[in-house]
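One structure is given here, and the rest of the page talks about it.
Please treat every number below as a calculation from the coordinates, not as lab data. Everything quoted here is computed from the prediction, not taken from an experiment. Note that each Cβ is placed from the backbone with ideal geometry, even for glycine, and that neighbours are counted across all protein chains shown.
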């Protein structure tokens with residue numbers, strides 16, 4: 001069953017760190033069955049705060065999503081996201 005990771009950037013702390021993260025992330029996707037469904041496009045808050053931007057990525061399963069998120073390659077990139085902004089990241093199983 002498909003699974004999705006939703007990243008919501010709440011606020012930017014360091015634009016240089018976010019830029020480095022953006023440079024590194026594409027390389028972390030190699031070898032993973034992943035599809036980027038949305039990435040920082042126009043958004044409209046229907047309820048609550050919208051945040052600065054959102055990303056939605058699709059994986060074939062919860063296990064595949066966790067394997068990417070916990071991979072050494074993404075772990076090295078993720079440090080720059082943590083230093084660059086306050087995010088929420090949610091893993092949700094599809095129906």
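From 47, 58, 23, grab the single residue that is without any contact (Cβ under 8 Å) to a residue 12 or more places away in the chain and either touching a strand residue (DSSP E or B) at 6+ places or on another chain (Cβ under 8 Å) or closer than 18 Å to residue 87 by Cβ (or both). Step through it out loud before you land on a result.
Numbers: 47 fails: either touching a strand residue (DSSP E or B) at 6+ places or on another chain (Cβ under 8 Å) or closer than 18 Å to residue 87 by Cβ (or both); 58 fails: without any contact (Cβ under 8 Å) to a residue 12 or more places away in the chain.
Checking each option against the conditions leaves just 23.
Could you pull out every one of the strands (runs of 3 or more DSSP E) wholly within the chain that has 1 or more residues that are touching a helix residue (DSSP H, G or I) at 6+ places or on another chain (Cβ under 8 Å)?
Working: elements: 3-12, 35-39, 53-59, 85-93.
Here the list reads 3-12, 53-59, 85-93.
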